[in-house]
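Scroll down for the structure; my scribbles are underneath it.
The values are calculated or read from the model by the stated rules, or taken from the named source; none is laboratory data. Since the structure is predicted, the reported quantities are computational estimates derived from the model, not experimental observations. We place every Cβ from the backbone using ideal geometry, glycine too, and count neighbours over all the protein chains shown. Quick note on the areas: whole protein, heavy atoms, side chains included, nothing else; ligands and nucleic acids left out. Shrake-Rupley method; radii C 1.70, N 1.55, O 1.52, S 1.80 Å.
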Amino acid sequence: MSVSDLIAQAFATATQEHLGIHRSWIILSSRWGGRLPQSRLRSTIQNHGRLDMLLRSMESENASNLHSFAPGSINELVYLSESWIISTYETIRIIHERTSLFPDNTDLNNLKTDFDLLRMPLAKHEIPSDTKLRSPLTMKTHKRRGLKRTVYIYPSYDKAKRESKDWQSRAHIMPSATSVRGSIMWKATDWKTGTSPWIERQSLSDRILAFAHDSKPAIST
């Protein structure tokens, strides 16, 4: 069997394992995608759903410690989870920004905030909104096997020194772990509130799918 056939089979199997989730993504694609009828938003949301179901199957296997979840497969789970966060972020951003089509909603605002906290370190290797930092952040590296935690300074932004080596070489790696559901979660840095929340991938999906069954009409009138 070819690699393409194996991938197609994996997606098909995951869909059968999560038919309820599949229906919710279809409903959501209609509710949100229908408000931009001349776009590909509907199919984009359905693609988010297809990858979400594949990840849920992998997460379930990871949580159960099944022999079928081979050593090294965690690398694929991490990579695909990161890809889902980065791609889904763009849809959440569109929904959040088009306020005339999508009424302001506290749950949506909070969801966008959590995606912001993850997307910037994963895609751009930096702390979100770091150009607004006016004081350096003192941080510690994540504890890893055989390595001691060390202190490092994340620089503040200075427009006059934005080409400096100190600013140009800034970087941030979020600590990550596996939740009890087998899902990848990251320890985000929210310097605005002074908090470092753990955010689980599957919980973000659950929060998105809650919008598939809210009481608002699917299409604005």
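Near Thr13, within a Cβ-to-Cβ distance under 13 Å, what is the net charge of the other residues, with Lys and Arg +1 and Asp and Glu -1?
Local net charge: -1.
When all alpha-carbon pairs of the chain are counted, what percent fall beyond 22 Å?
Cα-Cα pairs of the chain separated by over 22 Å account for 58 percent.
Cα to Cα, under 19 Å, and not fewer than 8 places away if on the same chain: which aspartates and glutamates meet these conditions relative to Lys140?
Correct list for Lys140: Glu126, Asp130, Asp166, Asp190.
Place a +1 charge on the Cβ of each Lys and Arg in segment 37-111 and a -1 charge on the Cβ of each Asp and Glu, then give the dipole magnitude about the Cα centre in debye, rounded to the nearest 20.
Using only the charged Cβ atoms, the result is roughly 300 debye.
Rounded to the nearest 500, what is the chain's calculated 222 nm mean residue ellipticity when only DSSP H runs of at least 4 contribute -39500 (n - 2.57) each, over all residues? Could the numbers behind the result be given before it?
Details: 7 runs with 111 residues, N = 221.
After summing the helix terms and dividing by residue count, I get -16500 deg cm²/dmol.
Could you work out what % of the accessible surface of the chain is carbon and sulfur, using a 1.4 angstrom probe and leaving DNA, RNA and ligands out of the count?
Using a 1.4 Å probe with all protein chains present, the chain comes out at 53 percent carbon and sulfur.
Can you pull out the chymotrypsin sites (Phe, Trp or Tyr not before Pro) in segment 1-61 that DSSP calls coil and that have at most 10 other Cβ atoms within 10 Å? Let's see the in-between values first.
Working: sites: Phe11, Trp25, Trp32; in loops: none.
Those that pass, being in a loop and sparsely packed, number zero.
Report the trypsin sites (Lys or Arg not before Pro) located in segment 71-116 that are in a DSSP loop and have at most 14 other Cβ atoms inside 10 Å of their Cβ, or state none.
Those satisfying the criteria are Arg98.
Report the Stokes-Einstein translational diffusion coefficient (µm² s⁻¹, integer) for segment 26-109, Rh taken as the Kirkwood radius over Cα pairs, at 4 °C with viscosity 1.567 mPa s.
Estimated diffusion coefficient is 90 µm²/s.
Could you list the square roots of 5 times each eigenvalue of the Cα gyration tensor of segment 91-221, that is, the equivalent ellipsoid semi-axes, sorted largest first and rounded to whole Å?
For segment 91-221, the ellipsoid semi-axes come out as 32, 21, 10 Å.
Taking a threshold of 19 Å on the Cα-Cα distance, which of the pairs Lys112/Lys159; Lys159/Lys187; Lys161/Lys192; Lys124/Lys165 fall above it?
Flagged as over cut-off: Lys112/Lys159; Lys159/Lys187; Lys161/Lys192.
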